[in-house]
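Only the coordinates and a few stated rules stand behind these numbers; no lab work does. For clarity, every value in this text was computed on a predicted model and none was experimentally measured. Note that each Cβ is placed from the backbone with ideal geometry, even for glycine, and that neighbours are counted across all protein chains shown.
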Protein chains: 4
Amino acid sequence: MSPQGARLYRAEVLVRFAHCDPAGMVFYPRYLEMFNNLVEDWCREERLPFAEHAPGRGWSLPTVHLDVDFVAPSVMGEVLSAALRVRSLGASSIALEIVLHGPDGALRVRGGVVLVLMDLRSRSAVEIPDDLRTRLAAFLE
Amino acid sequence: MSPQGARLYRAEVLVRFAHCDPAGMVFYPRYLEMFNNLVEDWCREERLPFAEHAPGRGWSLPTVHLDVDFVAPSVMGEVLSAALRVRSLGASSIALEIVLHGPDGALRVRGGVVLVLMDLRSRSAVEIPDDLRTRLAAFLE
Amino acid sequence: MSPQGARLYRAEVLVRFAHCDPAGMVFYPRYLEMFNNLVEDWCREERLPFAEHAPGRGWSLPTVHLDVDFVAPSVMGEVLSAALRVRSLGASSIALEIVLHGPDGALRVRGGVVLVLMDLRSRSAVEIPDDLRTRLAAFLE
Amino acid sequence: MSPQGARLYRAEVLVRFAHCDPAGMVFYPRYLEMFNNLVEDWCREERLPFAEHAPGRGWSLPTVHLDVDFVAPSVMGEVLSAALRVRSLGASSIALEIVLHGPDGALRVRGGVVLVLMDLRSRSAVEIPDDLRTRLAAFLE
């Protein structure tokens with residue numbers, strides 16, 4: 001898929017009182033909750049069939065790797081612009097990139113998140129089926 | 001400092017109901033709260049003079065980078081063994097490694113955390129002073 | 001103010017993976033975060049001038065009392081209907097009622113929250129000024 | 001059981017960076033996490049057989065009511081003294097009182113928590129069996 005065709009999942013994230021630490025800035029584990037919420041919203045809105053977002057299904061999508069740069073702090077009341085895309089697809093793994101920009105347009109957080117498709121019963125990784133792979137590939141950069 | 005001389009900060013972390021997700025496993029942002037608590041305990045017990053652990057001081061120690069492998073899941077009631085050491089020291093930065101092992105001895109989580117020494121008033125990075133550098137170097141691998 | 005004239009602040013709250021415990025239901029401290037977010041959104045949207053929602057102002061609005069009935073559990077993926085109103089106004093205190101209903105229309109949570117208007121510098125309660133009292137009274141049941 | 005005989009469950013709770021809001025005080029939903037952790041520790045240490053503390057058992061112990069007074073704020077680094085006792089026992093319900101005192105000896109938080117014994121499969125309340133009732137009664141005030 002050409003870069004022109006790549007889709008981005010975009011959302012806005014309000015920095016809340018509940019996210020902020022005594023320095024008045026986002027406490028970094030709360031950024032990871034934002035990341036998880038973004039993946040959840042993306043999966044729900046795109047109807048990706050994972051147990052975390054549709055209880056009762058047979059697939060789970062645990063996070064196996066994370067790498068994050070906290071470039072600049074965010075403060076209460078700011079609305080951050082989030083963008084999510086697929087960086088690469090493995091046999092069972094989905095590597096995402098999530099970036100958060102401030103209302104000033106400057107980068108605040110850039111993160112890579114690797115998820116693995118798991119069968120809930122066998123608790124082992126399973127290959128991403130073709131139809132799902134096609135839908136995920138639309139978000140490949 | 002020779003490897004023999006390197007100190008490790010060790011602690012135990014109980015996996016609580018509050019940490020676990022609907023799959024009964026630790027929700028990954030809660031591991032990052034565990035990481036933050038470990039750094040906090042280490043700083044407090046070693047009397048490292050950061051604002052996060054001693055309000056009113058002029059230095060802060062924000063987290064600027066994170067990379068984590070979630071190797072195997074942990075479930076409620078398990079007591080994890082945590083170990084923290086200093087991986088490297090920059091002019092203003094402190095790179096830590098934190099590992100969590102399960103009661104079975106197997107690796108559960110391995111993370112790198114980079115902190116930067118900041119002046120609270122100027123909000124800019126400051127050089128790690130010599131006496132603090134010496135104390136941190138005791139934890140260098 | 002007649003009951004007909006009383007305003008309600010209404011919002012929708014998605015039950016997320018991050019809210020749920022190993023039983024797959026909302027972990028009750030997460031309901032209290034939902035409550036805090038609702039009060040925050042109400043204050044921001046109504047431009048009520050509290051420090052929690054507009055950093056730098058001189059007033060804070062800490063929670064001093066809470067009483068909550070958890071009537072029925074909520075599960076991941078449900079969209080709850082929230083309604084907030086003012087139950088009573090004291091010299092410095094604001095008593096709110098917050099109710100959450102499920103998509104089935106049944107009551108899930110009913111809570112009372114008492115806030116007190118505080119001066120940030122003196123850290124003491126201050127009387128609710130007349131103009132603010134008038135605006136809050138519009139939400140009196 | 002005479003008041004002299006009543007047992008208290010006691011613990012210490014460190015106020016962490018992760019608990020504190022931009023005012024530098026404990027964010028109130030974090031007090032409820034402390035409450036939940038205290039109940040969890042009490043049940044585990046007293047070997048009370050609830051699913052939240054021993055996965056796989058057939059009983060759950062959801063919280064159905066909460067009433068809390070936040071009497072005075074707590075700040076980062078303080079060690080709070082917690083005490084838990086049983087206020088009353090119903091057919092299926094256990095009413096607890098939890099109090100947190102500061103290092104200055106002053107009351108910070110006083111809360112009532114009502115739990116109900118549930119069968120995990122039928123999702124209905126069950127009567128507290130006699131042997132469990134006897135063990136809980138030791139903590140009756």
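Here is how the numbers come out for the structure above:
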read-out	value
Cβ nearest the rotation axis (C onto A), residue from chain C and distance to the nearest whole Å	C:Glu33, 5
Ascending list, in nanometres, of distances separating the A:Arg135 label from those of the other copies (7 Å, Cα toward Cβ)	4.5, 4.7, 5.4
Chain A, helix-only ellipticity at 222 nm - DSSP H runs n ≥ 4, -39,500 (n - 2.57), divided by all residues, nearest 500	-6000 deg cm²/dmol
Per-copy distances of the A:Arg123 label point, shortest first, in nm (7 angstrom along Cα→Cβ)	2.5, 4.7, 4.9
Cα gyration tensor shape of the protein assembly as shown, rounded if a/c is under 1.5, else prolate or oblate by comparing a/b with b/c	rounded
Within a Gaussian network of chain D (alpha carbon springs, distance under 10 Å), most fluctuating of D:Leu80, D:Leu100, D:Leu14	D:Leu14
Antiparallel content of DSSP bridges confined to chain A, in %, to 5	95
Rough spin-label spacing in nm, given labels placed 7 Å along Cα→Cβ, for B:Glu12 and D:Arg87	3.3
The stretch B:46-141 - convex hull of the alpha-carbon atoms, volume per residue in Å³	119
Net charge contributed by nearby residues that have their C-beta within less than 9 Å of C:Val68 (K/R +1, D/E -1)	-2
Charge dipole magnitude, Cβ of K and R +1, D and E -1 - the stretch B:70-129, Cα centre, debye nearest 20	140
Shortest-first nm distances, B:Glu78 label point to equivalent points in other copies (7 Å, Cα→Cβ)	3.0, 3.5, 3.5
Positive-end residue, the stretch C:9-137 charge dipole about Cα centroid, Cβ charges, pick of C:Leu120, C:Leu66, C:Leu80	C:Leu120
Given charges at beta-carbon only (K, R positive; D, E negative), |dipole| of the protein assembly as shown in Debye	0
Assigned charges on the beta-carbon of Lys, Arg, Asp, Glu; the stretch A:9-137 dipole about Cα centre (debye)	180
For the stretch A:93-110 versus the stretch D:77-105, the gap between their alpha-carbon centres in whole angstrom	43
